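A quick write-up on the structure given underneath.
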Amino acid sequence: MEATEYMTGELCDGTTPYCKFKENEGKVISIKGAIHNIRDMSDFAFIILRTARELIQCVYSPEFSDYRMAENVVEQASAKITGKVVKSQTRDGSERFEIQIHNIEILSVPAAIPPVVISKKKVNCDLNVDLDYRPVTMRNPAERAVFKIQEGIQRGFREYLSKNGFTEIHTPKINFAGAEGGTNVFKLDYFGKTVFLAQSPQLYKQALVPVYERVFEIGPVFRAEHHDTSRHLNEYISMDFEMGFIDSFTDIMEMETGVLKYIMELLKTEYAPEVELLKVDIPAIDKIPCIRFKDAKQLCVKKLKNITDMKDFEPEEEAFLGKWAKQQYGSDFLFVTHYLSKKRPFYTMDDPEDPEVTLSFDLLFRGIEITSGGQRIHDYNMQVEKMKRLGMNPEEFETYLMLHKYGAPPHGGLGLGLERLTMHLLGFKNVRYAAMFPRDINRVTP
Ligand code: AMO
């Protein structure tokens with residue numbers, strides 16, 4: 001490049017790498033992509049080109065041009081295919097297009113054949129093998145569709161909240177304290193000092209309420225979970241929001257219902273190819289039923305055996321409540337409210353009518369918790385007192401307490417686990433299928 005060349009941004013004209021078949025029918029076009037699959041039929045061949053979101057059927061035949069297949073036309077090679085867009089016949093009569101190849105320019109050639117077959121409908125291997133080769137297995141259209149849908153969920157969250165007056169923020173991931181209590185916090189040696197990886201953006205999103213009133217963040221959080229379960233990751237993407245001037249913690253639940261409705265509509269429209277490919281069962285959301293923790297617990301005690309923990313739910317209880325909500329209300333979602341004060345973090349507001357419980361909620365989706373949220377304490381003395389009651393040292397939280405000390409409106413918010421939502425939307429049995437490069441107690445690669 002000459003030193004005097006300038007970038008003008010003019011190439012960014014909104015064009016995408018998608019093949020606009022309809023408007024190009026009958027025309028000769030060039031399209032770049034990866035050769036996904038070659039099916040040699042002796043006198044002709046199908047070459048499937050994989051672009052960002054499509055699989056494009058290209059047909060090679062000596063009839064179409066003077067071009068002759070070269071040896072370097074192999075699967076996973078990057079190529080520029082030039083050819084004529086034509087309508088093709090399908091057995092079911094649906095409209096399909098293909099490209100009659102006039103030329104193939106090979107742009108790069110792979111050094112090896114992929115270790116797993118990725119050109120079939122599904123990657124048929126064990127989860128661990130799949131994850132070991134994730135950079136490759138994700139090239140499979142069904143696998144990449146999972147994360148396209150996940151992108152849609154994040155986009156829906158962002159778009160809906162932005163339209164509702166929320167400001168997007170990014171808070172630090174290296175923190176002076178764990179925000180959620182408990183022992184599942186990663187310690188880090190920070191120039192000789194012990195600091196912690198963020199368990200959530202909790203303390204910071206609250207700090208920004210008096211600044212922007214409504215904020216949200218989509219970002220990684222870290223939990224030092226020591227168990228190898230199908231629902232826990234050590235790093236996951238948390239979609240958080242926090243809003244000020246609420247009248248009740250139910251305002252948060254209303255906002256979440258709106259967010260989820262928007263996300264599901266967005267998936268149906270703008271992510272239709274992936275929804276169709278994965279046969280996603282998009283839940284209908286009209287209104288979401290709510291039940292108090294105490295009442296939900298009683299239902300579980302009545303129907304399930306061997307319930308010993310009366311302060312929280314076991315996974316089987318959540319699964320049961322999920323089925324109950326479906327039968328009773330036809331809803332895939334259920335809000336459980338008023339969790340016990342003992343089981344909620346220090347920032348949670350106790351219910352003034354019954355301080356044993358909190359103004360908090362979880363959202364269950366098809367029988368698994370995907371969200372925790374609630375109203376926070378905004379009064380300085382109340383917060384300091386609760387910290388002391390819980391054996392915490394308020395002095396260590398001096399910077400957090402600036403929020404309360406210098407005036408904060410009544411506020412609340414929530415955290416929604418992106419992988420958990422994706423997992424249950426797509427019907428996976430293990431959250432790792434819904435994490436692009438999962439981190440668990442046994443895995444930090446790839
Ligand atoms: P909580 O700790 O309940 O609440 O987390 C909120 C949501 O995050 C998801 N989640 C996880 N996903 C995968 N692996 C994990 N180890 C994991 N842990 C949690 C779940 C869960 O519902 N600060 C509060 C939220 C708030 O009140 O604003 C918090 O983080 O989907």
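The values are calculated or read from the model by the stated rules, or taken from the named source; none is laboratory data. Small disclaimer: the values here were computed from a predicted structure and weren't measured. When we count neighbours, we look across all protein chains shown, and the Cβ atoms used for this are built from the backbone with ideal geometry, even at glycine. The accessibility values were calculated without ligands, DNA or RNA, using every heavy atom of the protein model including side chains. Shrake-Rupley method; radii C 1.70, N 1.55, O 1.52, S 1.80 Å.
Of all residues in segment 37-71, those that are assigned to a loop (DSSP other than H, G, I, E, B), closer than 23 Å to Met138 by Cα and open to solvent by 30 Å² or more (accessible area, probe 1.4 Å) total 3. Here is the figure for segment 145-159: residues that are open to solvent by 50 Å² or more (accessible area, probe 1.4 Å) and more than 10 Å from the chain's Cα centre (by Cα) total 2.
When each of Arg376, Arg389, Arg366 is tested for being within 9 Å of the ligand (Cβ to nearest atom) and not hydrophobic (A, V, I, L, M, F, W, C), the lone residue that passes is Arg376. Do the conditions hold for Glu235, that is, is it of a type outside the set (Phe, Trp, Tyr) and open to solvent by 40 Å² or more (accessible area, probe 1.4 Å)? Spelling it out, Glu235 is indeed of a type outside the set (Phe, Trp, Tyr) and open to solvent by 40 Å² or more (accessible area, probe 1.4 Å). Of all residues in segment 206-232, which are touching a Leu at 6+ places or on another chain (Cβ under 6 Å), of a type in the set (A, V, I, L, M) and within 11 Å of the ligand (Cβ to nearest atom)? Of everything in segment 206-232, nothing turns out to be touching a Leu at 6+ places or on another chain (Cβ under 6 Å), of a type in the set (A, V, I, L, M) and within 11 Å of the ligand (Cβ to nearest atom).
Residues in segment 300-321 include at least one that is open to solvent by less than 20 Å² (accessible area, probe 1.4 Å), closer than 27 Å to Thr183 by Cβ and among the acidic types (Asp, Glu).
The number of residues in segment 186-207 that are open to solvent by 30 Å² or more (accessible area, probe 1.4 Å) and of a type in the set (Val, Ile, Thr) comes to 1.
Taking segment 345-446 and the helices (runs of 4 or more DSSP H) fully enclosed by it, the elements with 2 or more residues that are open to solvent by 50 Å² or more (accessible area, probe 1.4 Å) and without any contact (Cβ under 8 Å) to a residue 60 or more places away in the chain are at 380-389, 398-405.
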